[in-house]
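Read the structure below first, then the notes.
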Amino acid sequence: MSGLIGRKIGMTSIFDENGKNIPCTVIEAGPCIVTQVRTKEVDGYEALQLGFDDKTEKHATKADLGHFKKAGTSAKKKVVEFHGFEDAYKLGDAITVELFSEGEFVDVAGVSKGKGFQGVVKRHGFGGVGQSTHGQHNRLRAPGSVGASSYPSRVFKGMRMAGRTGGDKVTVQNLRVLKVVSDKNLLVVKGAIPGHKNSYVIIQK
């Protein structure tokens with residue numbers, strides 16, 4: 001699937017022609033530079049490696065600097081491979097937000113907000129005890145029973161319990177493109193996407 005690397009700017013809302021308020025997310029999509037062209041003859045598959053967001057030379061390794069120098073561009077913070085581009089691109093070409101058009105649907109992948117170690121109420125939506133009866137002063141948000149006694153004498157794998165929450169790769173599919181602002185490289189999609197503000201996301205057609 002062809003696509004671009006972007007940065008989540010934040011959420012806002014716009015009104016449609018019927019006056020309905022639509023929540024949407026603004027993404028800075030590109031411009032992305034073609035930093036490597038994968039071919040079947042050399043690599044065994046066809047793909048384009050795209051780079052996004054400049055970084056200073058002192059923060060790049062010599063290997064990275066040499067790699068980006070071949071494409072005639074500065075070192076990039078984020079590099080991702082994409083498959084399925086219809087047009088032929090050369091090393092050093094820039095792909096802009098004009099790759100997308102208003103009304104089409106895209107998939108957006110990112111890393112969700114990390115919540116750290118959380119209990120079962122926040123992590124899995126448990127309801128808790130609901131009322132503090134019989135002197136239960138510390139059971140309101142407890143998970144309750146997690147296993148039987150004599151059988152199976154253990155806790156089954158996959159039991160919903162407390163643990164680290166968030167910080168996972170999440171893909172939200174079929175988000176409609178509401179606006180494409182070419183001069184500012186902005187893409188406005190309907191709904192929410194994973195990640196915090198200024199986090200990198202991958203937009204695929």
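Here the condition is being in contact with a Cys (Cβ under 7 Å, 6 or more places away or on another chain) and within 14 Å of V177 (Cα to Cα); of I5, I14, I27, it holds for I14 alone. Within region 160-205, track down each residue that is part of a strand (DSSP E or B), of a type in the set (V, I, T), open to solvent by less than 70 Å² (accessible area, probe 1.4 Å) and under 25 Å from G103 (Cα atoms). Once the filter is applied, which keeps residues that are part of a strand (DSSP E or B), of a type in the set (V, I, T), open to solvent by less than 70 Å² (accessible area, probe 1.4 Å) and under 25 Å from G103 (Cα atoms), region 160-205 yields V170, V172, V177, V180, V181, V188, V189, V201, I202, I203. In region 106-132, the qualifying residues are those that are among the aliphatic types (A, V, I, L, M) and open to solvent by 40 Å² or more (accessible area, probe 1.4 Å), and the one that is farthest from K8 (Cα to Cα) is V129. Does region 46-66 contain at least one residue that is in contact with a Leu (Cβ under 6 Å, 6 or more places away or on another chain) and on the phi < 0 side of the Ramachandran plot? No, region 46-66 contains no residue that is in contact with a Leu (Cβ under 6 Å, 6 or more places away or on another chain) and on the phi < 0 side of the Ramachandran plot. What do you reckon, is G103 in a loop (DSSP other than H, G, I, E, B), farther than 30 Å from T35 by Cβ and open to solvent by 70 Å² or more (accessible area, probe 1.4 Å)? When the stated conditions are applied, G103 does not pass them.
You will find that of V120, V111, the residue that is touching a residue at least 40 places away in the same chain (Cβ under 8 Å) and closer than 27 Å to V177 by Cβ is V111 and no other.
Here is a yes/no grid of residues against (1) over 26 Å from the mean Cα position of the chain (by Cα); (2) among the aliphatic types (A, V, I, L, M); (3) modelled with pLDDT under 95:
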site: G10; (1), (2), (3): no, no, no
site: G19; (1), (2), (3): yes, no, yes
site: D43; (1), (2), (3): yes, no, yes
site: H59; (1), (2), (3): no, no, yes
site: K90; (1), (2), (3): yes, no, yes
site: D93; (1), (2), (3): no, no, yes
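The values are calculated or read from the model by the stated rules, or taken from the named source; none is laboratory data. Predicted model only: the values in this text are computed from it and were never measured. Virtual Cβ from ideal backbone geometry, glycine too; neighbours counted across all protein chains shown. To get the accessible areas, we keep the full protein, side chains included, count just its heavy atoms, and leave off ligands, DNA and RNA. Shrake-Rupley method; radii C 1.70, N 1.55, O 1.52, S 1.80 Å.
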